[in-house]
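The values are calculated or read from the model by the stated rules, or taken from the named source; none is laboratory data. Every value quoted in this text rests on a predicted model; they were computed, and no experiment measured them. As a convention, Cβ positions derive from the backbone with ideal geometry for all residues, glycine included, and neighbour counts pool all protein chains shown. SASA here: full protein model, heavy atoms, side chains in, ligands and nucleic acids out. Shrake-Rupley method; radii C 1.70, N 1.55, O 1.52, S 1.80 Å.
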Amino acid sequence: MDFSLTEEQTMLQDSVSKFIDNDYDFEKRQSIAESTKGYSEEFWQTFAELGWTSVPFAEDDGGFGGGPLEIMLMMEQFGRGLVVEPFLANIILVGGVLRRLANAEQKEQWLNGIIDGSKQGALAFTEAQGRYTLSDIITTAKADGDNFVLNGSKAVVLNGGRADFLIIPARSSGKQRDEDGITLFIVDAKSAGISRSAYQTVDAHQAAEITLNDVRVPAANILGELGKAYPTIDAVIDEATLAASAEAVGIMQTLLLKTLEYSKSRVQFGVPISSFQALQHRMVDMLMGCEQSKSLLLWATMANADGSTEAKQAISAMKYLIGTTGRKVGQEAVQIHGGMGVSWEMDVAHYFKRLTAIELLFGNADFHLDKYAANI
Amino acid sequence: MNVNFSEEELAFERDVKAFFKDKYPDDIRQKQDRGINLEKEDMVRWQKILNDQGWAAVNWPVEYGGTGWTPVQKYIFANESAANNAPAVVPFGMKMVAPIIYTFGNEQQKQRFLPDILASNVWWAQGYSEPGAGSDLASLKMRADRDGNEYILNGTKTWTTLGHLAEWIFCLVRTSSDVQRRQEGISFVLVDMATPGVTVRPIITIEGEREVNEVHFENVRIPVENLVGEEGKGWTYGKVLLQHERTNIAGVANSKYRLGKLKERTSKNIHGATPLLEDHAFRRKVGALEIEIKALEYTELRTLAAVAVGKAPGPESSILKVKGTELQQALDELFMEAAGYYALPFVRDQYRLDFPTDDKIGYSTETRSALRYFNNRKASIYGGSNEIQKNIVAKHVLGL
Ligand SMILES: Cc1cc2nc3c(=O)[nH]c(=O)nc-3n(C[C@H](O)[C@H](O)[C@H](O)COP(=O)(O)OP(=O)(O)OC[C@H]3O[C@@H](n4cnc5c(N)ncnc54)[C@H](O)[C@@H]3O)c2cc1C
């Protein structure tokens, strides 16, 4: 067992960390979040130039050849800076699918644009009825000659509104929650029959409702094998869960630091409020929550990087713990800031909102506790 | 002791039900049920309807236009009002300043202010907190300096809820600094917000709306008649008011209503998915919350009964405030959990009546759930934070 970082990993971490410190203060973040695009195209290009958008991809594909550990290091920093650029949606979700399933031609057409930052994508893995069950898919794909015809709707698709292309899981056979019979289609987002309604989310990211009405897709746009997409979706969502959890840990640590700072400077009853034991104990609890979360983040990330048989349990354990302690840490940070904690102008309010959104992504605490407990 | 309603109480309940059925405006009901923000006009209209019925001032003494209801009647009314999802009265006039005026004000003040509060002609705001004086309210700095028949006000109040919609504000101000205890030298004054020198600036809260304000006073002159009670005794009056405020904040009837909605919402079966309420873990959480709410309902009834035999709500009101807000917040969490991904959309326009129904995203209870959760973190902060309430209980109830 070894918790130390390689030189390359340290360099990657430093480069993201420097960017956050030098270019991404809260004011900047807010102005980006409130712009029409909701992210900075300029910064996205910077991410590509610095090689960040290529991190998880194979060197043969033009990538950096990194794995879950590298992603973790970056995402923690993104959490610290409350970065709104769509790294999770493009690099982890879309990139995760393409990396595994795209053939040479498909990589050329779709993956290159993701890596060089010229294209935006979205993985439409959620449907309204499905909650967190990835196999719960009622969007249909019917074969029609060399084409497939897609019908259905997708809910709260991350980055869905501004995506140039979509990866759509649809049911080509089987029943509503069968793992077998799910196929992935990759389509231009402007294809006939696709309508999108885009919106901002409460954490200043973006999503869309997507309706598919007789969307004709050539069979050549299937990613991987017909009806066999589930294991890939599942593996990609595992990676996304890890990445989002790393971001959450970065946020939790930042909330703790900001709360400590604030409590030392805010004076009531003639003393800094940090001198009240009622608050001290709670900040200690916050610290313990951060440390425990970080521990499981490391365990789960390393287990997944090694392809360990424990990986799935570790990921569920981690998401459960980060879901529950993250909620606590966020609430305490707000509470200890008093009225300031619920003000739009304060950064903690926005860290709290993003942390809450992550709690709701890819399975909440109940969902992952169920998954974990089923295998003890 | 008896857990059942008497014949008279049952008859009263029927009257209240009939009243809501006949008199509660449909457009307001629609807005409430769809999670659309009310306009001031809506709230005033509803208050006037209540007032025409003689039911606006639930807690006031009969001589000033109050209902004279027993605790059980108040309980019945609160439950029916919540069950109809009717808007709660904006508390600052009716529930906060009025009790101070009829308890500590002079005859002229009673005649001047109470009728307009009762009829919702004048809206009030609460000017207690300052940037430097939150939990430690007694450290407030806003000054009122006597100049002939006037006071000159200078200072800043903050977190002033609905201050942008209010015509009057009641403030705790410092009339003397030459005192032994900081609580002395504080006075309770009433200020017409149209007086020159008053400026109101918005503070946007976490979910993105304007609900609170910062109110600046620069050489604002008010007549000395606007002082309530004795100069320098404002702290004592203010404290009584805070205890009223805390009892009000508990919101048990509303929590009961929301719990019912949560159960209704999560027992629906959409597109072949198993209703969430059938999920064992979720169901237990709903059950546990229902038990806590039931307990608080009885705790509140016991407090009301004590008030009815002449006791002012004492430090026990802190218990209602802490528990009541914790349960509201626990409900917020469950609504958000229930919404899952649909807690995420932030589509402000869909909370307008003219927003096309077809374009709506999720159900209003879903898509508002995270916003409400964020906003309602305030509940454990305002009205004296829950930490401060626990300090009060420790000191005054437990004698520590
Ligand atoms: C949405 C909203 C609406 C409001 N509306 C109004 C209004 O209309 N009128 C009005 O006058 N005020 C209003 N308030 C102000 C409210 O009463 C104050 O926010 C509250 O008293 C807390 O003060 P503060 O925000 O300055 O926090 P602080 O007093 O700075 O407290 C920060 C933290 O320290 C804790 N703390 C402080 N002292 C102690 C202690 N001795 N022991 C343990 N913990 C302690 C607090 O509990 C809190 O967690 C409103 C506030 C909000 C958020």
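Brief remarks on what is shown
- Segment A:278-339 versus segment A:164-192: alpha-carbon centroid distance in Å: 34
- Shape category assigned to segment B:124-232 from the gyration tensor of Cα positions, a/c cut at 1.5: oblate
- DSSP loop trypsin sites (Lys or Arg not before Pro) with at most 13 other Cβ within 10 Å excluded, longest remaining stretch of chain B: B:1-180
- Tensor-based shape of segment A:7-119 (alpha-carbon gyration tensor, a/c under 1.5 rounded, otherwise prolate or oblate): oblate
- Rough spin-label spacing in nm, given labels placed 7 Å along Cα→Cβ, for residue A:151 and residue B:291: 4.8
- Sulfur and carbon atoms: percent of accessible area, the protein assembly as shown [1.4 Å]: 51
- Cα gyration tensor, segment A:122-227 - rounded (a/c under 1.5), prolate or oblate: oblate
- Estimated FRET transfer efficiency when R0 is 35 angstrom, pair residue B:263-residue A:375 (beta carbons, to 0.05): 0.70
- Heavy-atom surface of the protein assembly as shown, accessible at 1.4 Å and reported per residue (Å²): 42
- Plainly put, segment B:42-128 has a radius of gyration that is 0.96 times its Kirkwood radius, both from alpha-carbon atoms, as the Rg/Rh ratio.
- Rough spin-label spacing in nm, given labels placed 7 Å along Cα→Cβ, for residue A:288 and residue B:270: 3.8
- Ratio Rg/Rh, restricted to the protein assembly as shown and using Cα atoms, in which Rh is the Kirkwood radius: 1.01
- Highest-MSF residue in chain B out of B:56, B:11, B:295 [GNM, Cα springs under 10 Å]: B:11
- Between chain B and chain A, roughly 4000 Å² of accessible surface gets buried, counting both sides and using a 1.4 Å probe.
- Cut-off of 10 Å, at most 13 other beta carbons, DSSP loop: longest stretch of chain A lacking such GluC sites (Glu not before Pro): A:35-224
- Here the spin labels are modelled as points 7 Å beyond Cα on the Cα-Cβ line, and at residue A:180 and residue B:176 they lie 8.9 nm apart.
- Residues in segment A:187-204 that a label on residue A:108 would reach, taking backbone N under 19 Å of a point 7 Å out along Cα→Cβ: A:187-188
- Reduction of at least 20 Å² in accessible surface, 1.4 Å probe, comparing all protein chains with the chain by itself, residues of segment B:332-349: B:333, B:336, B:337, B:340, B:341, B:342, B:344, B:345, B:346
- For segment A:231-374, relative contact order (Cα pairs under 8 Å, six or more residues apart, normalised by length) works out to 30 percent.
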